[in-house]
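Reading through the structure tokens given below for one structure.
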Amino acid sequence: MAVALAAIAFAKASDVAQAAFQWLLAQSPWYALLVTPAMFALLAWSTTRGLETTRGSGIPQVIAALQLPEGWWRRNLSLKVALAKMLLTVSGLLGGASIGREGPTVHVGAALMHAIGRRFGFRNAVGDGSRQGALFLLAGGAAGIAAAFNTPLAGVVFAIEELSGTFEHHFSGTLLTAVIVGGVVSLGLLGNYAYFGNVATALPLGRGWLAVLACGAFCGLAGGVFSRLLLLATDARTRWLGPLRARHPVLLAVCCGVALAALGLAFGNGAFGTGYAQARGLLQGQATVGHEFGVVKFAANLVSYLAGIPGGLFSPALAVGAGLGHNLAPLLPGVAPTAVVLLGMCAYLTGVTQAPLTSAVISMELTDNSAMLLPILATVLIARGASSLVCHQPVYKALALRLLPMPTAIDAKEPRT
């Protein structure tokens, strides 16, 4: 219940913040050149004052926590960190940052469940190998993604595929209970809704399935390129960006804010915020953006994450995928454009996260469309393979590795990025 209520409050505050920034741009688009760099600077400065763990998505922190002692959890998954994560992410959206709230909601959900579980004595016991505390983290993260998107099944799959990378029989009860209760609270307060609305589209067998191959290969590869660039740009060993981030994080954030504002001035307001409205318009066949949207949003997401401010990747990644699918649709005559947009979304999200099952389930639940099940599954399979050609390690696990003292703690077979 606590996770669902926090997720709903987070969503409402994020919507208000984005609306306030759009109102400011309506007065004059040039305000972005002042507001966005200033907000980026403030957020970067804040995260150097004891709130370093609030940077980025929050999902890598949860993955890393499962491999670290509970002492690390109390510092990085505390209620103070959860509250700061929410406030700083909302502030980022108030400044026009191209970030999402879903990853941060996973961080907040895990922190809340950890605090509640610890209060009632559920901890990892060293003597008997009990992992009760870890189960609470996983359940909190799953409830967070389920409540953020109103996608209960996606929350379960996300916890298994992305957070834990495994499934244990005794874990299922804890996970399902958290997701069910969170889903019921969300349903009671917000009603039964699909995140992107009901998308009534289908992809008949035949030439239409060329869209599966095109979206899977192109959008999956694009997602892999994004993850590869993100990992390179945020690596402390990168020749000039690493030292600049270490010595002058606020200056780097200001530069990223200026770059984002310039993108918005040159190509329109789609560069700012989560991209939800633009992606929904493309899915509903009511495009409010041009064919440059996917590429612009790709760049906007990259500079926003490079700034080192709190914020997630899920919603902005779905927006990029929708934009790239919109670009591919004219090349596939006879195929419903909305179907291509949907496949582009799930393919690009798979390319970024390399979590095909999560991406497939999220895409179906977000659009309330089960008719696209087989095309979506085929698309994410191709996208996963295309992404791995350029990014050899899932982005969240690669970022989590940087938080661990030993590079082999998550997967000894994969090299550290």
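The values are calculated or read from the model by the stated rules, or taken from the named source; none is laboratory data. Every value quoted in this text rests on a predicted model; they were computed, and no experiment measured them. All Cβ positions, glycine included, derive from the backbone under ideal geometry; neighbour counts span all protein chains shown.
Collect the residues in segment 291-319 that are part of a loop (DSSP other than H, G, I, E, B) and either buried (at least 24 other Cβ atoms within 10 Å of the Cβ) or among the hydrophobic types (A, V, I, L, M, F, W, C) (or both), keeping them in residue-number order.
Here is the first cut: in segment 291-319, the ones part of a loop (DSSP other than H, G, I, E, B) are 291-292, 307-309, 311, 313.
Hits for segment 291-319 are 307, 309, 311, 313.
List, please: which pairs have Cβ atoms under 7 Å, are six or more places apart or on different chains, and start with a residue in segment 281-293 that is at negative phi and assigned by TED's automatic domain parsing to the domain that holds residue 270 and end with one that is of a type in the set (Ser, Thr, Tyr) and part of a loop (DSSP other than H, G, I, E, B)?
Close Cβ pairs (under 7 Å, with a partner that is of a type in the set (Ser, Thr, Tyr) and part of a loop (DSSP other than H, G, I, E, B)) amount to 281/288.
Need the failing condition index for residue 199 against (1) modelled with pLDDT under 85; (2) in the same structural domain as residue 59 (by TED's automatic domain parsing), just the number.
So the condition that residue 199 fails would be (2).
I need the full set of residues from segment 51-72 which are more than 14 Å from residue 401 (Cβ to Cβ) and part of a loop (DSSP other than H, G, I, E, B), in order please.
Here is the first cut: in segment 51-72, the ones more than 14 Å from residue 401 (Cβ to Cβ) are 51-55, 57-58, 69-72.
Those that are more than 14 Å from residue 401 (Cβ to Cβ) and part of a loop (DSSP other than H, G, I, E, B): 51, 55, 57, 58, 69.
Note down all Cβ pairs under 8 Å where the first residue falls in segment 307-319 and is closer than 14 Å to residue 14 by Cβ, the second is among the acidic types (Asp, Glu) and surrounded by 24 or more Cβ atoms within 10 Å (Cβ to Cβ), and they're at least six residues apart or on different chains.
Listed by first residue and then by second, the contacts come to 312/102; 314/102; 315/102.
I need the full set of residues from segment 323-342 which are part of a loop (DSSP other than H, G, I, E, B) and either crowded, with 24+ Cβ neighbours inside 10 Å or in contact (Cβ under 8 Å) with a residue 12 or more places away in the chain (or both), in order please. Can you show your working first?
Keep residues of segment 323-342 that are part of a loop (DSSP other than H, G, I, E, B), which gives 332-336.
332, 334, 335, 336, listed by residue number.
Return the residue satisfying two criteria in turn: it lies in segment 311-339 and is in contact with a Ser or Thr (Cβ under 9 Å, 6 or more places away or on another chain) and among the aliphatic types (A, V, I, L, M), and of such residues it is nearest to residue 102 (Cα to Cα).
Within segment 311-339, the match that is nearest to residue 102 (Cα to Cα) is 313.
Yes or no, residue by residue, for (1) crowded, with 24+ Cβ neighbours inside 10 Å; (2) more than 18 Å from the chain's Cα centre (by Cα):
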site: 245; (1), (2): no, yes
site: 261; (1), (2): yes, yes
site: 275; (1), (2): yes, no
site: 285; (1), (2): no, yes
site: 321; (1), (2): yes, no
site: 345; (1), (2): yes, no
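Can you name the condition, by its number, that residue 403 falls short on among (1) without any contact (Cβ under 8 Å) to a residue 60 or more places away in the chain; (2) touching a Pro at 6+ places or on another chain (Cβ under 9 Å)?
Evaluating residue 403 over (1) without any contact (Cβ under 8 Å) to a residue 60 or more places away in the chain; (2) touching a Pro at 6+ places or on another chain (Cβ under 9 Å) leaves (1) as the failure.
So, residue 48, is that one in the same structural domain as residue 91 (by TED's automatic domain parsing), in contact (Cβ under 8 Å) with a residue 24 or more places away in the chain, outside any helix (DSSP H, G or I) and not acidic (Asp, Glu) or not? Outline the logic, then answer.
Details: in the same structural domain as residue 91 (by TED's automatic domain parsing): yes; in contact (Cβ under 8 Å) with a residue 24 or more places away in the chain: yes; outside any helix (DSSP H, G or I): yes; not acidic (Asp, Glu): yes.
Yes, satisfied.
Considering only residues that are farther than 17 Å from residue 58 by Cα and not hydrophobic (A, V, I, L, M, F, W, C), look in segment 388-405 and name the one that is modelled with the highest pLDDT. Steps first, answer last, please.
Of segment 388-405, the ones farther than 17 Å from residue 58 by Cα are 388-393, 405.
From what's left, not hydrophobic (A, V, I, L, M, F, W, C): 388, 392-393, 405.
Details: 388: 94, 392: 90, 393: 90, 405: 76.
In this case the residue turns out to be 388.
Need pairs with beta-carbon distance below 7 Å; first residue free of Cβ contacts under 8 Å to residues at least 12 places away in the same chain and within segment 138-165, second charged (D, E, K, R) and not in a helix (DSSP H, G or I); sequence gap 6+ or separate chains.
Listed by first residue and then by second, the contacts come to nothing, as the list is empty.
Regarding residue 241, is this residue surrounded by fewer than 22 Cβ atoms within 10 Å (Cβ to Cβ) and on the phi < 0 side of the Ramachandran plot? Explain how you work it out, then say what you get.
Working: surrounded by fewer than 22 Cβ atoms within 10 Å (Cβ to Cβ): yes; on the phi < 0 side of the Ramachandran plot: yes.
Yes; evaluated as a whole, the condition is true for this residue.
Is it the case that segment 22-31 has a residue that's surrounded by 24 or more Cβ atoms within 10 Å (Cβ to Cβ) and either touching a helix residue (DSSP H, G or I) at 6+ places or on another chain (Cβ under 6 Å) or of a type in the set (Lys, Arg) (or both)?
Looking only at segment 22-31, we keep the residues that are surrounded by 24 or more Cβ atoms within 10 Å (Cβ to Cβ), and these are none.
No, segment 22-31 has no match at all.
Pairs, please: C-beta under 7 Å, at least 6 apart or cross-chain, first residue over 13 Å from residue 347 (Cβ atoms) and in segment 381-392, second assigned to a loop (DSSP other than H, G, I, E, B) and of a type outside the set (Val, Ile, Thr)?
Going by the 7 Å Cβ cut-off, the qualifying pairs are 388/354.
The rows are residues; the columns are (1) at pLDDT 90 or above; (2) surrounded by fewer than 16 Cβ atoms within 10 Å (Cβ to Cβ); (3) assigned to a loop (DSSP other than H, G, I, E, B); (4) more than 21 Å from the chain's Cα centre (by Cα).
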site: 363; (1), (2), (3), (4): no, no, no, no
site: 377; (1), (2), (3), (4): yes, no, no, no
site: 382; (1), (2), (3), (4): yes, no, no, no
site: 386; (1), (2), (3), (4): yes, no, no, no
site: 410; (1), (2), (3), (4): no, no, yes, no
site: 416; (1), (2), (3), (4): no, yes, yes, yes
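Given the options 212, 184, 156, name the one that is at pLDDT 80 or above and touching a Ser or Thr at 6+ places or on another chain (Cβ under 8 Å).
Working: 184 fails: touching a Ser or Thr at 6+ places or on another chain (Cβ under 8 Å); 156 fails: touching a Ser or Thr at 6+ places or on another chain (Cβ under 8 Å).
Only one candidate qualifies: 212.
For segment 50-67, does any single residue satisfy the condition of being in contact with a Gly (Cβ under 6 Å, 6 or more places away or on another chain) and among the small types (Gly, Ala, Ser)?
Initial filter on segment 50-67 (in contact with a Gly (Cβ under 6 Å, 6 or more places away or on another chain)): 55, 57-59, 62.
Going one step further and asking which of them are among the small types (Gly, Ala, Ser), we end up with 57-58.
The answer is yes; a qualifying residue exists.
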